[in-house]
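Okay, so here's the structure we're looking at.
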Amino acid sequence: SMKSHLISSDPGIDDLVGLMLLAKLSGSSSHCLISSFGNAPVEVTGVNAKEFISFIAPAWSYFQGSAMPLNKSLEHPWPDYFHGPDGVWGIHPNCFTKDIKIVQKYPAYQSLISLCPLTEARKILLTGKLQSAIVMGGAFRIPGNETLYAETNIAFDPDAAAHFFAANTGAEVRVVPLDVTRKVKWSRATVQSIPEDMESSIWIKKVLLTWFDKYNHEREKDFNLHDPLAIYLTFFPEQASWVKSGVKVETKGEKRGKTTLDVQAPPCDVALELFEPATIARQIFDILFSWPVV
């Protein structure tokens, strides 16, 4: 799929791996990368998004997205424990961001990849131009990771998420929840085996090894490929088994941010199983580090 996408993202380490994967899989397409609050404040994710474009994907354009959720209140602390205070544990690529193409409004692309809170996805839906979207978010048959009930991207703006899933009448929406992203991961040994033959590989390897050093591994011992899996399934949807169902987002009480399958809501395709998670983790690695640059 060589078309251009709007990508809303909050880079963030796994976002950067996902964005690199997208750059590899889509060749010379000029996507528009929209920075959002989420893994860090929008000033921080904006810097990381611009550096990514400058360093990895100079044909892409940049749009500064949402700084706050729909209700203007930040309900959860920034996940610094995972991404570090600057989103990349201080490991920035060597690049100049002043030459990148900055746009002041969304390009009229009809396809969205959402890797962050759904504040931006809701705004894009309201333009009336959206035809397809893939959303990394939600947790259906497992507990959340931000609260017991809610996955982070939904938890950071449950109101926008609820509106997005309820108001979508025309776009084909695919949802890639924690249920599947939790199963796709790289070990430290895998990360150590990243070849150091390109500037981009050297940089992302350093970022990931720093994560292995700094992160508190009581929570998870391997690196989960949440956002990269959403990108991967954009191109290889047949590697997951999808359930046709609407999505309901709880907006009240202690279960705020919880996602449930709801056949009354506008239909989406929700990935609840992967055929071979370990193979997918390996394929993501190979595409990133073995495929020639297009």
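The values are calculated or read from the model by the stated rules, or taken from the named source; none is laboratory data. Just so it is clear, the model here is predicted, and its values are computed rather than measured. All Cβ positions, even for glycine, are placed from backbone atoms using ideal geometry, and neighbour counts span all protein chains on display. Quick note on the areas: whole protein, heavy atoms, side chains included, nothing else; ligands and nucleic acids left out. Shrake-Rupley method; radii C 1.70, N 1.55, O 1.52, S 1.80 Å.
Potential lengthening of the chain between GLN264 and LEU148 amounts to 39.3 nm, from the contour at 0.36 nm per residue minus the alpha-carbon distance.
At the listed q of 0.14, 0.15 Å⁻¹, the Debye profile of segment 148-253, built from one uniform point per Cα, gives log10 I(q)/I(0) equal to -0.75, -0.84. Mean-square fluctuations from a GNM of the chain, with a 10 angstrom spring cutoff on Cα atoms, peak among PRO237, PRO195, PRO117 at PRO195. For segment 1-98, the convex hull spanned by the alpha carbon atoms encloses 95 Å³ per residue.
Determine which residues of segment 42-68 fall in the zone a paramagnetic label at GLN104 would reach in this model, i.e. backbone nitrogen under 18 Å from the point 7 Å along Cα→Cβ. Under cut-off, by backbone N: 61-66.
With every protein chain in place and a 1.4 angstrom probe, the accessible-area ranking of LYS50, LYS221, largest first, reads LYS221, LYS50.
When all protein chains stay in place and ligands, DNA and RNA are ignored, the 1.4 Å accessible-area order of LEU22, LEU148, largest first, is LEU148, LEU22.
Once ligands and nucleic acids are excluded and a 1.4 Å probe is used, how much of LYS252 is accessible, expressed in Å² to the nearest 10? Its accessible surface works out to 150 Å², give or take rounding.
Amide H to amide H, with H built 1.01 Å from N, HIS5 comes under 5 Å of HIS31, CYS32, counting only residues 5 or more places away or on other chains.
With Kirkwood's inverse mean 1/r over C-alpha pairs for Rh, give me the Rg to Rh ratio of the chain, two decimals please. My calculation of the ratio gives 0.93.
With N the number of residues in segment 123-184, Rg(Cα) / (2.2 N^0.38 Å) evaluates to 1.16. Largest accessible area first, the residues GLU238, GLU151, GLU172 order themselves as GLU172, GLU238, GLU151 under a 1.4 Å probe with ligands, DNA and RNA left out. Between GLU273 and SER241, the built amide H atoms are under 5 Å apart, and every one of these is 5 or more places off in sequence or on another chain.
Per-residue surface analysis assigns LEU70 an accessible area of about 70 Å², computed on protein heavy atoms at 1.4 Å probe radius.
For ILE287, the accessible surface of its heavy atoms amounts to roughly 10 Å² (probe 1.4 Å, protein chains only, rounded to the nearest 10).
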